[in-house]
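A.B. asks: My questions will all concern the structure given below.
Readers should treat all values here as calculations from the given coordinates under stated rules, not as data from a laboratory. Everything numeric in this text was worked out from a predicted model, so none of it was measured. Reconstructed Cβ throughout: ideal geometry from the backbone, glycine too, with neighbour counts over all protein chains shown.
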Amino acid sequence: MEPVRRRNPEIPRPNLPLQGGVFLLLTAAGSSSRFGKSKKELVRIEGKTILQMALEPFLGIPDLLGVAITYPQPLLEEFQKAFDPVVREKLEKLPCGLCLIPGGASRQASVSLGLEGLLEKARATSLPLDSLAVLIHDAARPWVNASTIHAVLEATRKMGACLPLCDLADTPKFIDTSEFVSKHPERSGIMAAQTPQGFALLPLSAAHARATEESWACTDDTALWDRYIGSVVYVRGNRENRKITYPEDLSMNGSTSTNIRIGEGWDIHPLVPGRRLLLAGQQIPHNKGESGHSDGDVLWHAIIDALLGAIALGDIGTHFPPTDPAWKDADSSTLARIVSEKIKTAGWTIQNLDCTIILEKPTIKLYREEIIASIAKVLGIDKEKVSIKAKTMEGFGPVGSGDAVEAMAIALLANRNMKIS
């Protein structure tokens, strides 16, 4: 490779090869507006925040000096709690530790602030500034691997600046200001940029300062390096190293498997005169109804137990104990709504419910669609996800004699890894 050619003599030249340690700068100060209401870096995948997942592969760098993270100012407390105790301990053991830096008005401004913070840390510990490297990584890329990090860092130390590039899966097009395509570039000559991007720390910080003075903006630090310092080399990236921008990106990566949970629920209630026969909130004409502390809706009780059991949240008696007068004659549809909200808050979605009602009479077939519609409405799911089957005991036992009604439910839940810490 040819040596780096200088663009601006006033900016310090990289002291190559870089033989000092390396800092990590994670950028997470954006608004996540395209992701929705949640701050995407704080979303949890299998119990870990995306921020922690993006950080962890870098902790294996032997001479990692410290980590800086840019964040939106209102979310300082949330970012402080984004790591589990094991990771926090590793960060505390780094020579320069962890520093959280409020971001600026743009990604470029945030990176500039982060670089200044790292240089302050380096000066405070008397590190040789001209030999230090920095890796800048999007905190919304949780699937970066160690081999990509190693390749970028090795090339950075040799050449001063490096980034990983990936082949484009789609053919790019240039467009003009109207609705027409203006150019048809060859896909073979264009690649997509990823992170981490590696740089000599001191020259990059100086280049950022110069860009601020000139009000020159870019969305990529290698563009800034190329403008003010010199050439940027690249290594092959990894297609799994995706950046999360939209909610659906969480399920597009091969390394994110959807968690599946199955729960089973069962209940039986006596049938007595003077009570209503309720099945998922639908009153079924009959001369008897369910006896119970609440309204006795046996189907809702089985469904509630199935949902709670699927994610190990206990059973209906745990949340709505029969000893509590607050639930006396309670509408079980209300209880189901409460449980449904608990499920959603925990990050789970109902994939399907398979229910069986065991009742000697009356015949349930006439009311099946109304029962399905009621379940779907209360739980906020499509009717196609609800199955209702009806059976009899053919004269056997308390159900067969018409003195009881029984219900069973199986729930399939999926976690799309969107639980916010």
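A.B. asks: Which FRET efficiency value, to the nearest 0.05, is calculated for Ser31 and His150 with the Förster distance at 41 angstrom and r the Cβ-Cβ distance? Could you put the intermediate results ahead of the total?
C.D. replies: Working: r = 32 Å, r/R0 = 0.78.
So the FRET efficiency works out to roughly 0.80.
A.B. asks: Let me ask another. Do the sum for the chain: with -39,500 (n - 2.57) for every DSSP H run of n ≥ 4, divided by all residues, what is the mean residue ellipticity at 222 nm, to the nearest 500 deg cm²/dmol? Before the final figure, lay out each step's value.
C.D. replies: Details: 12 runs with 121 residues, N = 421.
Roughly -8500 deg cm²/dmol at 222 nm, from the helical runs in the chain.
A.B. asks: Please list, by residue number, every one of the GluC sites (Glu not before Pro) in region 151-229 that is coil in DSSP and has at most 12 other beta-carbon atoms within 10 Å. Intermediate values should be presented prior to the final figure.
C.D. replies: Numbers: sites: Glu154, Glu179, Glu186, Glu213, Glu214; in loops: Glu179, Glu186.
Answer by residue number: Glu179, Glu186.
A.B. asks: Now a separate question. What does DSSP give for region 155-243 in terms of the percent of beta bridges that are antiparallel, rounded to the nearest 5? Write out the running numbers ahead of the final one.
C.D. replies: Values: 7 of 11 bridges.
Among the beta bridges of region 155-243, antiparallel pairing accounts for roughly 65 percent.
A.B. asks: Distance from a point 7 Å along Cα→Cβ of Leu16 to each backbone N in region 217-239: keep the residues under 19 Å and list them by number.
C.D. replies: Only 221-236 fall inside the zone, counting backbone N under 19 Å.
A.B. asks: So how far apart, in nm, are the two label points at Gln283 and Ile260 if each is 7 Å from Cα heading toward Cβ?
C.D. replies: 4.1
A.B. asks: Starting from region 29-112, pick out the GluC sites (Glu not before Pro) whose DSSP state is loop and whose Cβ has at most 11 other Cβ atoms within 10 Å. Mind showing how you got there, number by number?
C.D. replies: Numbers: sites: Glu41, Glu46, Glu77, Glu78, Glu89, Glu92; in loops: Glu46.
Here the sparse-neighbourhood loop sites are Glu46.
A.B. asks: Let me understand region 22-251 better: what is its radius of gyration from the alpha carbons, and its Dmax, in angstrom?
C.D. replies: Gyration radius and largest Cα-Cα distance of region 22-251: 17.6, 56 Å.
A.B. asks: Hey, another quick one. Taking only Cα atoms, what is the 0 to 90° angle, nearest 10, from helix 368-379's long axis to the longest principal axis of the chain?
C.D. replies: With both axes taken from Cα atoms, the answer is about 40 degrees.
A.B. asks: Once the piece of chain linking Glu240 and Glu370 is laid out straight, how much longer is it, given 0.36 nm per residue of separation minus the C-alpha distance between them?
C.D. replies: Values: separation 130, 0.36 × 130 = 46.80 nm, distance 4.55 nm.
Taking Glu240 through Glu370 to full extension adds about 42.2 nm, to one decimal.
A.B. asks: Separate question: Could you tell me what percent of the DSSP beta bridges with both partners in the chain are antiparallel, to the nearest 5? Can you show the working numbers first?
C.D. replies: Numbers: 41 of 68 bridges.
Roughly 60 percent of the beta bridges in the chain run antiparallel, per DSSP.
A.B. asks: Where in the chain lies the longest segment free of chymotrypsin sites (Phe, Trp or Tyr not before Pro) that are both loop residues by DSSP (not H, G, I, E, B) and have at most 11 other Cβ atoms within 10 Å? The partial results should precede the final answer.
C.D. replies: Details: sites that count: Phe180, Phe396.
Here the longest run is 181-395.
A.B. asks: Please work out the FRET efficiency for the pair Leu165 and Asp324, using the Cβ-Cβ distance as r and a Förster radius of 41 Å; give the result to the nearest 0.05. The partial results should precede the final answer.
C.D. replies: Numbers: r = 62 Å, r/R0 = 1.50.
Calculated value: 0.10.
A.B. asks: Then there is this: Report the label-to-label distance for Ser401 and Thr125 in nanometres (one decimal), using points 7 Å from each Cα along the Cα→Cβ vector.
C.D. replies: 7.9
A.B. asks: Also: So for the chain, what percent of the C-alpha to C-alpha distances run longer than 34 Å? Don't jump to the answer; show the numbers that get you there.
C.D. replies: On the way: 42779 of 88410 pairs.
Across the chain, Cα pairs with separations above 34 Å total 48 percent.
A.B. asks: Where in region 284-339 are there trypsin sites (Lys or Arg not before Pro) that are in a DSSP coil and have at most 15 other Cβ atoms within 10 angstrom of their Cβ? Mind dumping the intermediate values first?
C.D. replies: Details: sites: Lys288, Lys328, Arg337; in loops: Lys288, Lys328.
Hits after loop and neighbour filter: Lys328.
A.B. asks: Mind listing the phi-derived Karplus ³J(HN,Hα) values for region 297-313, rounded to whole Hz, using 6.51, -1.76 and 1.60 with θ = phi - 60°, and x for any glycine or proline?
C.D. replies: 5, 5, 5, 4, 5, 5, 5, 4, 5, 5, 5, 5, x, 4, 10, 6, 10
A.B. asks: Using R₀ = 35 Å, calculate the FRET efficiency as 1/(1 + (r/R₀)^6) where r is the Cβ-Cβ separation of Val272 and Ile338; round to 0.05.
C.D. replies: Working: r = 26 Å, r/R0 = 0.76.
That gives a FRET efficiency of 0.85.
A.B. asks: Let me ask another. Straight-line reach only, C-alpha to C-alpha below 20 angstrom: list the lysines that Lys361 could link to, leaving out same-chain residues fewer than 8 apart.
C.D. replies: Partners within reach: Lys288, Lys389, Lys391.
A.B. asks: Name the residue, out of Ser147, Ser38, Ser131, whose mean-square fluctuation peaks in a Gaussian network model built on the chain with Cα pairs under 10 Å.
C.D. replies: Judging by the Gaussian network model, the answer is Ser147.
A.B. asks: Separation between the Ser231 and Phe174 pseudo-spin-labels, each 7 Å from Cα along Cα→Cβ, expressed in nm?
C.D. replies: For the pair Ser231/Phe174, the computed spacing is 2.4 nm.
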